[in-house]
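A quick write-up on the structure given underneath.
The values are calculated or read from the model by the stated rules, or taken from the named source; none is laboratory data. A quick note: this is a predicted structure, and the numbers were derived from the prediction, not measured. Using ideal geometry, Cβ is built from the backbone for each residue, glycine included, and neighbour counts are taken over all protein chains shown. Note: accessible area is taken over every heavy atom of the protein model, side chains too, but ligands, DNA and RNA are not part of it. Shrake-Rupley method; radii C 1.70, N 1.55, O 1.52, S 1.80 Å.
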Amino acid sequence: DEAEAELAIALPALKKAMTEVEKIDKGAITEIKAYSKPPPAVEKVLSCVMLLFQKQTDWPNAKRVLGESTFLLHLKNFEKDDVKESILAKVKKYVNMPMFAAEEVSKVSKAAGALCMWCHAISLYAEVSKEVAPKRA
C-alpha cells in the first residue's frame, strides 16, 4: 500500500546515511572543528545538525557540540521518530538549498558530506513517518 511504498524510499536513504555516518571518525570531526571560519557548505550542514539536536546553530556552539565525546553516538542513536514539526520545517529549508547536496558538500569535507546526507535522510524519514503513521493506524 501507499504507506509501505513511502517507507520503502525513506528507509534505504536512512540506511545509506547511517553507513556514511559510521565512516565518520574522530579524525574527520577534528578536521571540521579545525575551521575557525568554516566554508559556507560546512557551516550550513552543522547548523542543520544543531537544529536537529535542538541546540544553538551558531558555529562556536557547533564546534563545542562536535567536541563532545558523545557526538557520534548522538548521531547514530538519534530519535528520528520524535522530530518536532517546527524543527522539521526549518530543516526542510536547509535540505532544499541547492548548495545542501551531499555530493557538493563532500567536495569541501567528506565528514560534512556524510553529515549532510544524514540531515537529508532524517528529514525524509521524519516526513514520511509522519505521513505513514496515520495510515498505519
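Using the structure shown, decide if residue 100 is open to solvent by less than 70 Å² (accessible area, probe 1.4 Å), within 15 Å of residue 21 (Cα to Cα), in contact (Cβ under 8 Å) with a residue 24 or more places away in the chain and part of a loop (DSSP other than H, G, I, E, B).
Values: open to solvent by less than 70 Å² (accessible area, probe 1.4 Å): yes; within 15 Å of residue 21 (Cα to Cα): no; in contact (Cβ under 8 Å) with a residue 24 or more places away in the chain: yes; part of a loop (DSSP other than H, G, I, E, B): yes.
In short, no.
Taking the stretch 77-87 only, how many residues are among the aliphatic types (A, V, I, L, M) and free of Cβ contacts under 8 Å to residues at least 40 places away in the same chain? Don't jump to the end; show me each part of the working.
Applying the first criterion (among the aliphatic types (A, V, I, L, M)) to the stretch 77-87 yields 83, 87.
Within this subset, residues satisfying the condition of being free of Cβ contacts under 8 Å to residues at least 40 places away in the same chain are 87.
Total satisfying the criteria: 1.
Just checking, how many residues over the stretch 7-57 are at negative phi and either aromatic (Phe, Trp, Tyr) or not in a helix (DSSP H, G or I) (or both)? Explain how you work it out, then say what you get.
Narrowing the stretch 7-57 to residues at negative phi: 7-53, 55-57.
Adding the requirement that they be either aromatic (Phe, Trp, Tyr) or not in a helix (DSSP H, G or I) (or both) leaves 24-25, 34-39, 53, 55-57.
Within the stretch 7-57, residues that are at negative phi and either aromatic (Phe, Trp, Tyr) or not in a helix (DSSP H, G or I) (or both) number 12.
Only one residue in 108, 83, 128, 91 is modelled with pLDDT of 95 or more and not small (Gly, Ala, Ser). Which one?
Numbers: 108 fails: modelled with pLDDT of 95 or more; 83 fails: modelled with pLDDT of 95 or more; 128 fails: modelled with pLDDT of 95 or more.
Just a single option satisfies the conditions, and that option is 91.
Suppose we filter 131, 127 for residues that are more than 16 Å from the chain's Cα centre (by Cα) and on the phi < 0 side of the Ramachandran plot; which single one remains?
On the way: 127 fails: more than 16 Å from the chain's Cα centre (by Cα).
Among 131, 127, only 131 is more than 16 Å from the chain's Cα centre (by Cα) and on the phi < 0 side of the Ramachandran plot.
Which residues, taken from the stretch 33-52, are under 17 Å from residue 93 (Cβ atoms) and open to solvent by 30 Å² or more (accessible area, probe 1.4 Å)? If you could, list the steps in order and put the result at the bottom.
So in the stretch 33-52, the residues under 17 Å from residue 93 (Cβ atoms) come out as 40-41, 43-52.
Passing the criteria: 40, 43, 44.
Scan the stretch 103-110 and give yes if some residue there is part of a loop (DSSP other than H, G, I, E, B), without any contact (Cβ under 8 Å) to a residue 60 or more places away in the chain and either buried (at least 18 other Cβ atoms within 10 Å of the Cβ) or of a type in the set (A, V, I, L, M) (or both), otherwise no.
The first filter runs over the stretch 103-110 and keeps only residues part of a loop (DSSP other than H, G, I, E, B), leaving 109.
Going one step further and asking which of them are without any contact (Cβ under 8 Å) to a residue 60 or more places away in the chain, we end up with none.
Among the residues of the stretch 103-110, not one is part of a loop (DSSP other than H, G, I, E, B), without any contact (Cβ under 8 Å) to a residue 60 or more places away in the chain and either buried (at least 18 other Cβ atoms within 10 Å of the Cβ) or of a type in the set (A, V, I, L, M) (or both), which makes the answer no.
Checking residue 4 against (1) surrounded by 15 or more Cβ atoms within 10 Å (Cβ to Cβ); (2) of a type outside the set (A, V, I, L, M, F, W, C); (3) assigned to a helix (DSSP H, G or I): exactly one of these is not met. Which one?
(1)
Can you tell me which of 65, 21 is under 13 Å from the mean Cα position of the chain (by Cα) and β-branched (Val, Ile, Thr)? Spell out the reasoning first.
Numbers: 65 fails: under 13 Å from the mean Cα position of the chain (by Cα).
Only one candidate qualifies: 21.
Which of the residues that make up the stretch 53-81 are in contact with a Phe, Trp or Tyr (Cβ under 9 Å, 6 or more places away or on another chain), open to solvent by 10 Å² or more (accessible area, probe 1.4 Å) and closer than 17 Å to residue 122 by Cβ?
Within the stretch 53-81, 53, 74, 78, 80, 81 qualify.
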